[in-house]
Amino acid sequence: MDMMRIDGRSYDQLRPIEIVTDFVKFPEGSVLITCGNTKVLCCASVEDGAPRHVPEGTGWVTAEYSMLPRANRERSKRDVSRLKLSPRSAEIQRLIGRSLRAAIDLKALGDRIITVDCDVLQGDGGTRTASVTGGFLAMAMACEKMVKEGWLGRSPIKNYVAAVSAGIVDDRALLDLCYEEDSRAMVDLNCVMNDAGELIEVQGTGEGRSFTLNEQQELLRLCAKGIRELLEKQKMILGGLR
C-alpha cells in the first residue's frame, strides 16, 4: 500500500515544478525555478576571457550559490564575500559548477567564462538540485543567445543535465523530499544525471542510520525517474524558446 506523504504525493512523485524564463532582464540567461515551496533564481552571465588554469582557446563554467537571509524559517547571515562563504554554500556551488561543466563542450565555448548565480529565494528542501536543474537552463539560454548574436557558430551544449534528491523516511524510499521529510530523513541522496541516462554525481549520506546497496539502488532508480521528467520539461522549455 502506497504511503501518503505530507503533501499528498505518491512515493515516486516530484513536487510541482514551475519554471519562468527571462525572469531577470539583464543576464544572458535567467530562470526562476520553483519546486514545491523551494524557489531559486538562476542567472547566467557571459564574459570574455577564461581563467588561467584552462588551456588557451578553452572556456570555463563556474557557479555561485547563496541563500537570501530569509530564505529559510529563521534568518541566516548573508554571504558577503568568498572569504566568509559558509562551508555549505561553498560545497553546493562546487557541485553546481561540476554538474554544469559536464553539460558543455568547453573548447566549443571558446575563450569565455559563464558564471551561473543561483540565489535561493525560498528554501524548502532540494535547493542544490533545483539550482542544477535551473542553472542548466540559464546556461543553455545564454549559449543560444551567443549563437543568435553570432558569437558562436553552434551551441556548445553537449547534454541536458538535471538533478533531484531522494531519501529514506520512516524506512520508506521517497523521491524529491520537502523540508519536513528531509529534516527527519534517515538517508539522504542527491543525484545529477544527463539525458543519456549517465550519472554525473551522487551524494548519499546516512543521516540517521547506514543504508544498504539495495537501498542505494532503489534511491537511484527513484532519482532517475524524476530526472527523466525534469529533462523532458527542460527540453520543452528550450524548444519553445527557439
Cross-link pairs beyond the 31 Å C-alpha cut-off, checked among LYS39/LYS225; LYS77/LYS148; LYS25/LYS225; LYS77/LYS145; LYS25/LYS235:
LYS77/LYS148; LYS25/LYS225; LYS77/LYS145
Using the per-residue mean of other Cβ atoms lying within 10 Å as a proxy for protection, in what order, highest first, do the peptides 157-169, 104-116 fall?
157-169, 104-116
Please state the charge dipole magnitude for the range 133-192, taken about the Cα centre, from unit charges on C-beta atoms (+1 on K and R, -1 on D and E), reported in debye and rounded to the nearest 20.
580 debye
Got a sec? Charge dipole of the range 9-159, +1 on Cβ for Lys and Arg, -1 for Asp and Glu; which of LEU100, LEU68, GLY29 is way out at the positive end?
LEU68
In sequence order, what are the phi-derived ³J(HN,Hα) couplings for the range 109-126 according to the Karplus relation 6.51 cos²θ - 1.76 cosθ + 1.60 with θ = phi - 60°, rounded to whole Hz, with x for glycine and proline?
5, x, 7, 9, 10, 10, 10, 10, 8, 10, 10, 7, 7, 8, x, 9, x, x
Relative to the Cα centre, what is the charge dipole magnitude of the chain, using +1 at the beta carbon of each Lys and Arg, -1 at the beta carbon of each Asp and Glu, and rounding to the nearest 20 debye?
500 debye
Choose one of LEU174, VAL132, GLN203: the residue whose Cα lies farthest towards the positive end of the charge dipole of the range 110-242 (beta-carbon charges +1 Lys, Arg; -1 Asp, Glu; about the Cα centre).
VAL132
In the full protein assembly as shown, how much of GLU91 is accessible to a 1.4 Å probe, in Å² to the nearest 10?
60 Å²
What Rg and what Dmax come out for the range 123-178 when only alpha-carbon atoms are used, in angstroms?
16.3, 54
I'd like the orientation of helix 87-101 relative to the chain: the angle between its Cα long axis and the longest Cα principal axis, in ° from 0 to 90, rounded to 10.
60 degrees
Starting from the Cα of ILE6, step 7 Å along the direction of its Cβ; do the same at ASP170; then give the gap between the two resulting points in nm.
1.2 nm
Using a Förster distance of 22 Å, the FRET efficiency for THR205-ALA90 (Cβ separation, nearest 0.05):
0.80
For the chain, what does the equivalent ellipsoid look like in terms of its semi-axes, each the square root of 5 times an eigenvalue of the Cα gyration tensor, given largest first in whole Å?
30, 19, 17
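Return the FRET efficiency for the residue pair ASP48, VAL20: r is the Cβ-Cβ distance, R0 is 22 Å, and the value is rounded to the nearest 0.05.
Values: r = 29 Å, r/R0 = 1.30.
It comes to 0.15.
At 222 nm, what helix-only mean residue ellipticity would the chain give, in deg cm²/dmol to the nearest 500, using -39500 (n - 2.57) for each DSSP H run of four or more?
On the way: 5 runs with 74 residues, N = 242.
Computed mean residue ellipticity for the chain: -10000 deg cm²/dmol.
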Leaving out ligands, DNA and RNA, what percent of the accessible area of the chain is carbon and sulfur, probe 1.4 Å?
50 percent
Those trypsin sites (Lys or Arg not before Pro) in the range 119-157 that DSSP places in a loop and that have at most 15 other beta carbons within 10 Å:
ARG154
Tabulate in residue order the Karplus-calculated ³J(HN,Hα) for the range 24-40, using 6.51 cos²θ - 1.76 cosθ + 1.60 with θ = phi - 60°, rounded to whole Hz; enter x for Gly and Pro.
10, 6, 8, x, 5, x, 8, 9, 9, 10, 10, 10, x, 9, 8, 10, 10
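Note down the relative contact order for the chain as a percent, whole number, built from C-alpha pairs under 8 angstrom at least six residues apart.
Values: 513 pairs, mean separation 47.6, N = 242.
Averaging sequence separation for qualifying contacts and normalising by length gives 20 percent for the chain.
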Roughly how far apart, in whole Å, are the Cα centres of the range 1-55 and the range 178-200?
14 Å
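The values are calculated or read from the model by the stated rules, or taken from the named source; none is laboratory data. Computed from a predicted model, the values in this text were never measured in an experiment. Methodologically, a virtual Cβ is constructed for each residue, glycine included, from the backbone with ideal geometry; neighbour enumeration extends over all protein chains shown. Accessible surface is based on the protein model in full, side chains and every heavy atom, while ligands, DNA and RNA are left aside. Shrake-Rupley method; radii C 1.70, N 1.55, O 1.52, S 1.80 Å.
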